[in-house]
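*Asks:* If you scroll down you'll find the structure; I have some questions about it.
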Amino acid sequence: MSPAATPRATTPAYRRLSVEERRSQLLDAALSLFAHSAPEEVSLDDVAEAAGVSRPLVYRYFPGGKQQLYEAALRTAADALEQCFDEPTHGPLTARLARALTRYLAFVNEHDTGFSALLQGGSVVSTSRTSAIVDEVRAVAAARILAHLPVTEPGPRLHLMVRTWISAVEAASLIWLDEGKQPPMEELRDWLLDHFLAVTTATAASDPQTAEVLRAALELEEPDGVAASLAGRVLPVVSDAARLL
């Protein structure tokens, strides 16, 4: 083939990003870095390099510097976490919770170091605003779980039970990361589902509203579902307690 006929490599045409596209690009780069390093270990130079832009450009979009970028990245992460609990309100309750937990734990797995830093509040760049964002995630998660329960006005015991379980999910996620992500994520999810049923049952024993919620939830469960599996495993363990009745 003659030199004239040699195909020429094409160079992708440069496309100027819109303001929102550029901001999104910088936030994506920051989130990727915060996912694997504590916030105080990430510099604006690191973000600029990861995004393939100059440091002044980062300042143009985040004139407040690293603090503003960190808070914006946290807001983006919080939105993603809140979406984990978006779930249609039909079908067995445990199946709905399983799907939400699968998404939540996948986020934890992907953003391991950053997740720990954000929720533990140990970062030197944490402020009352960042703490408020994290608290909002907890409140939204609880509200969305309560929306799956057949009650219009959750009482204090039911509300406390759900908020307590959310705290347990968060704590278990952090411990899971500390333990090298063991047991496997699917086992952790299933254990958290068992935990939800256990704490709901314990609360139902002394709260009529929670008892009604539990009865309604169990009516939707399948014979091969989570509730049936837990009952089959628990009954042999506690059978000796019948003598106490």
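*Asks:* On a 0 to 90° scale, report how tilted helix 128-146 is relative to the longest principal axis of the chain, with both axes built from alpha carbons and the result rounded to the nearest 10.
*Replies:* Result, in degrees: 50.
*Asks:* Run the numbers on the chain and let me know its relative contact order in percent, using alpha-carbon pairs under 8 Å that are six or more apart.
*Replies:* On the way: 197 pairs, mean separation 47.4, N = 245.
Worked out over the chain, it gives 19 percent.
*Asks:* Right, next: How high is the FRET efficiency from THR152 to ALA211, r the C-beta distance, R0 25 Å, rounded to 0.05?
*Replies:* 0.90
*Asks:* Roughly how many nanometres apart are two label points built 7 Å out from the Cα toward the Cβ at SER18 and ASP79?
*Replies:* 1.4 nm
*Asks:* In the chain, what percent of the accessible surface is made up of carbon and sulfur (1.4 Å probe, ligands and nucleic acids excluded)?
*Replies:* Within the chain, the accessible surface is 57 percent carbon and sulfur.
*Asks:* I would also like to ask the following. Using +1 on the beta carbon of Lys and Arg, -1 on that of Asp and Glu, and nothing else charged, what's the dipole of the chain about the Cα centre, debye to 20? Can you show the working numbers first?
*Replies:* Values: 22 positive and 32 negative charges, 159 e Å.
It comes to approximately 760 debye.
*Asks:* Shifting gears a bit: Report the net charge of residues surrounding PRO39, where surrounding means a beta-carbon distance below 13 angstrom and charges are Lys +1, Arg +1, Asp -1, Glu -1.
*Replies:* So the environment of PRO39 carries a net charge of -3.
*Asks:* For the pair GLU222 and ASP86, how long in nm is the line joining their label points, each one 7 Å along Cα→Cβ?
*Replies:* Simple spin-label model gives 2.5 nm for this pair.
*Asks:* Between ALA77, ALA142, GLY91, whose Cα lies farthest towards the positive end of the dipole of segment 38-148 when Lys and Arg beta carbons carry +1 and Asp and Glu beta carbons carry -1, centred on the Cα centre?
*Replies:* Projecting each Cα onto the dipole axis, the largest value belongs to GLY91.
*Asks:* So what's the net charge close to PRO156: Lys and Arg +1, Asp and Glu -1, counting the other residues with Cβ under 13 Å from its Cβ?
*Replies:* 0
*Asks:* Nearest 0.05, what FRET efficiency do TYR61 and ASN109 give at R0 = 22 Å with Cβ-Cβ as r? Display every interim value, and only then the final one.
*Replies:* Working: r = 29 Å, r/R0 = 1.32.
That pair, TYR61 with ASN109, gives E of 0.15.
*Asks:* Continuing with the same structure: Using just the helices of the chain, give the 222 nm mean residue ellipticity in deg cm²/dmol: DSSP H runs with n ≥ 4 each add -39,500 (n - 2.57), and the total is spread over all residues, rounded to 500. Don't jump to the answer; show the numbers that get you there.
*Replies:* Numbers: 11 runs with 166 residues, N = 245.
Computed mean residue ellipticity for the chain: -22000 deg cm²/dmol.
*Asks:* For the chain, with every protein chain kept in place, what is the accessible area per residue (1.4 Å probe, Å²)? Show your work: numbers first, answer last.
*Replies:* Numbers: 13800 Å² over 245 residues.
Result: 56 Å² of accessible area for each residue.
*Asks:* Taking mean projected area of the Cα convex hull in nm² as the quantity of interest, determine which of [x] 14.6; [y] 21.3; [z] 20.7 was computed from the displayed structure.
*Replies:* Structure-derived value, by its label: [y].
*Asks:* Counting Lys +1, Arg +1, Asp -1, Glu -1, what net charge surrounds PRO88 among other residues with beta carbon under 11 Å of its beta carbon?
*Replies:* Details: positive: ARG96, ARG99; negative: ASP86, GLU87.
Taking every Cβ under 11 Å from that of PRO88, the sum is 0.
*Asks:* Using θ = phi - 60° and the Karplus curve 6.51 cos²θ - 1.76 cosθ + 1.60, what whole-Hz ³J(HN,Hα) does each residue of segment 167-180 get, with Gly and Pro shown as x?
*Replies:* Along segment 167-180, the couplings run 4, 5, 4, 5, 4, 4, 5, 5, 5, 4, 5, 5, 8, x Hz.
*Asks:* Additional query: Could you compute the FRET efficiency for ASP135 and VAL237, with r as their C-beta to C-beta distance and R0 at 30 Å, rounded to 0.05?
*Replies:* Here the calculated transfer efficiency is 0.25.
The values are calculated or read from the model by the stated rules, or taken from the named source; none is laboratory data. Since the structure is predicted, the reported quantities are computational estimates derived from the model, not experimental observations. Please note: Cβ atoms are built from the backbone with ideal geometry, for glycine as well, and neighbour counts cover all protein chains shown. Heavy atoms of the whole protein, side chains included, go into the accessibility calculation; ligands, DNA and RNA do not. Shrake-Rupley method; radii C 1.70, N 1.55, O 1.52, S 1.80 Å.
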